[in-house]
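Heads up, the thing below is written out as structure tokens.
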Amino acid sequence: MSERKVLNKYYPPDFDPSKLPKLKLSKERQYVIRTMAPFNMRCKTCGEYIYKGKKFNSRKETCQDQTYLGLRIFRFYIKCPRCLAEITFKTDLENCDYEMEHGATRNFEAVRLAEKQAEQEQKEKDDEIASNPMMVLEKRTKDSRMEMERLEQLEELRDINARHASLDHSNVLTFHMEYEKQLQKLQDDEDEKFIKSVFGKGEVSADGIKRIEDESDEEDGLPLKKRQAIAIAGSSKPTDVLSQEPRKELNKPKPVWEKSVGSLKSKSTLNGLVRAKKTFN
């Protein structure tokens, strides 16, 4: 039993390949290929927008008598997905892009237009410089001046690198730390002098606060809490003040809630008001 998928075919002994008929194909033949829209476009018939990257079953053909540096230019035919109108575009090898040909309009692309305009301006400027010998001389002088400036900058960078190569970073850090300490010390001294000049010759603490001595008052005129504090400070033991009672102030009126409102008297005081009922026989 033979194989279902064979790799070798049988050639009879009298087989002559020169007698095989040759397939004659036209140069203008078209191929059906799967392609994508190369740019955003809008159909002229129905106004449908076709975005870049949309896939189509297109027909491809070679443009006759159109080449760029010996390379062939291809034309593509697609149909609008809404109205089925035919749209054609072809390759633009000079600008590495595609060129819209028929059936639609290419949407505006600001980046592409700006690049194209910049290239056109640069080309016109180069042509003008090439045609004017004075501008050529001026451009050459400007280039030489720029080259000299760049060489000077390069020499400065080399000197800086050589200086930094002989510099010890640890010594630089130590010097910087010492400088910061000295600067802080000078600032503290200036602040202390300013505080002394403001507060005078009075006793000034380490925090810059002047201590003002309180004037002594008579003990009798001081309030109770202050007298207790003075007694605590003057006693030999802090617990002595607990055994001492504060002096009672004389002739001090009592508050209303401490005044007596009277008390109920005994039953004997009410005997005269109550009399027994007399009964008559």
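Take the Cα coordinates of segment 38-94, assign each an equal point scatterer, and use the Debye formula without solvent to give log10 I(q)/I(0) at q = 0.15, 0.23 Å⁻¹.
For segment 38-94, the Cα-only Debye profile gives -0.49, -0.92.
Could you tell me whether segment 73-185 comes out rounded, prolate or oblate from its Cα gyration tensor? Rule is a ≥ b ≥ c as square roots of the eigenvalues, rounded for a/c under 1.5, then prolate if a/b exceeds b/c, otherwise oblate.
Working: a/c = 4.78, a/b = 2.09, b/c = 2.29.
Cα axes put segment 73-185 in the oblate bin.
So which GluC sites (Glu not before Pro) in segment 52-115 are both in a DSSP loop and have at most 11 other Cβ atoms within 10 Å of their Cβ?
Values: sites: E61, E86, E94, E99, E101, E109, E115; in loops: E94, E109.
The qualifying sites are E94.
Taking the solvent-accessible surface of protein heavy atoms with a 1.4 Å probe, what is the per residue accessible area of segment 8-51 in Å²? Walk me through the numbers on the way to the answer.
Values: 4110 Å² over 44 residues.
Roughly 93 Å² per residue, with all protein chains present.
Over 19 Å between C-alpha atoms is what I'm after, so list which of K27/K60; K27/K55; K44/K79; K27/K90 land there.
Check vs 19 Å cut-off fails for K27/K55.
Once you sort the root eigenvalues of the Cα gyration tensor of segment 1-92 as a ≥ b ≥ c, which label holds: rounded (a/c under 1.5), prolate (a/b larger than b/c) or oblate (the other case)?
prolate
Could you go through segment 64-77 in sequence order and give the Karplus-derived ³J(HN,Hα) for each residue, using 6.51 cos²θ - 1.76 cosθ + 1.60 with θ = phi - 60°, rounded to whole Hz, and x for Gly and Pro?
Running phi through 6.51 cos²θ - 1.76 cosθ + 1.60 with θ = phi - 60° gives 7, 6, 10, 9, 9, 6, x, 9, 7, 10, 10, 10, 10, 10 Hz.
Can you tell me the order of 24-37, 64-77 when each peptide is scored by its average per-residue count of other Cβ atoms within 10 angstrom, highest first? Present the calculation step by step, with values, prior to reporting the outcome.
Numbers: 24-37: 10.1, 64-77: 12.6.
Result, highest mean Cβ count within 10 Å first: 64-77, 24-37.
Percent of accessible area on segment 96-160 owned by carbon and sulfur, 1.4 Å probe? It would help to have the intermediate numbers written out before the result.
Details: 3100 of 5860 Å².
It is 53 percent, rounded to a whole number.
Give me the dipole magnitude in Debye, nearest 20, for segment 33-165 about the Cα centre, with unit charges on the beta carbon: positive for Lys and Arg, negative for Asp and Glu.
Details: 25 positive and 25 negative charges, 255 e Å.
The calculation lands at about 1220 debye.
The values are calculated or read from the model by the stated rules, or taken from the named source; none is laboratory data. From a predicted model like this one, the values you see are computed outputs, not experimental measurements. Cβ: placed from backbone, ideal geometry, glycine included. Neighbour counts: every protein chain shown. Just so you know, the surface numbers come from the protein's heavy atoms only, side chains and all, with ligands and any DNA or RNA stripped out. Shrake-Rupley method; radii C 1.70, N 1.55, O 1.52, S 1.80 Å.
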